[in-house]
Amino acid sequence: MIMESALLDVRPGREDAFLAAFAEARPLIAAQPGFRSVALRRGLDEGNRSRFLLLVEWERLEDHTEGFRRSAEYARWRELLHHFYDPFPLVEHFGESLV
């Protein structure tokens, strides 16, 4: 199992629209082979209410990098969500929990 993480800086004032678009986009990722779970958490610190943490669990790295990112569903995901970000997020992948 791997964990994908991304800090999503949403354009201020667009948070509600982003959350609505994410609700529409969620089934696109959830239907992918190798998908295990997704969590979206909102920043609580002052000045970070427009920052979200996206955590996605995949069976294998390739389920995300080759499967989802090359799928028609990813094209729709991009269309729904990518215009909200400034700057564009860094996506990273992590292995199994060490503790």
So, residue 25, is that one modelled with pLDDT of 95 or more, within 13 Å of the chain's Cα centre (by Cα), under 16 Å from residue 1 (Cα atoms) and among the small types (Gly, Ala, Ser) or not? no
Single match in 64, 82 (criterion: surrounded by fewer than 16 Cβ atoms within 10 Å (Cβ to Cβ), modelled with pLDDT of 95 or more and at negative phi): 82
Which condition breaks for residue 8 when tested against (1) under 12 Å from the mean Cα position of the chain (by Cα); (2) aliphatic (A, V, I, L, M); (3) in a helix (DSSP H, G or I)? (3)
Sole exception among (1) farther than 16 Å from residue 10 by Cα; (2) part of a helix (DSSP H, G or I) for residue 82, by number: (1)
Could we say that residue 37 is assigned to a strand (DSSP E or B) and either loosely packed, with under 14 Cβ neighbours inside 10 Å or among the hydroxyl-bearing types (Ser, Thr, Tyr) (or both) here? yes
Among the residues of the stretch 1-23, which ones are loosely packed, with under 13 Cβ neighbours inside 10 Å and of a type in the set (Asp, Glu)? 16
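The values are calculated or read from the model by the stated rules, or taken from the named source; none is laboratory data. Model, not experiment: these values are computed from the prediction. Glycine also receives a Cβ, built like all others from the backbone with ideal geometry; neighbour counts cover every protein chain displayed.
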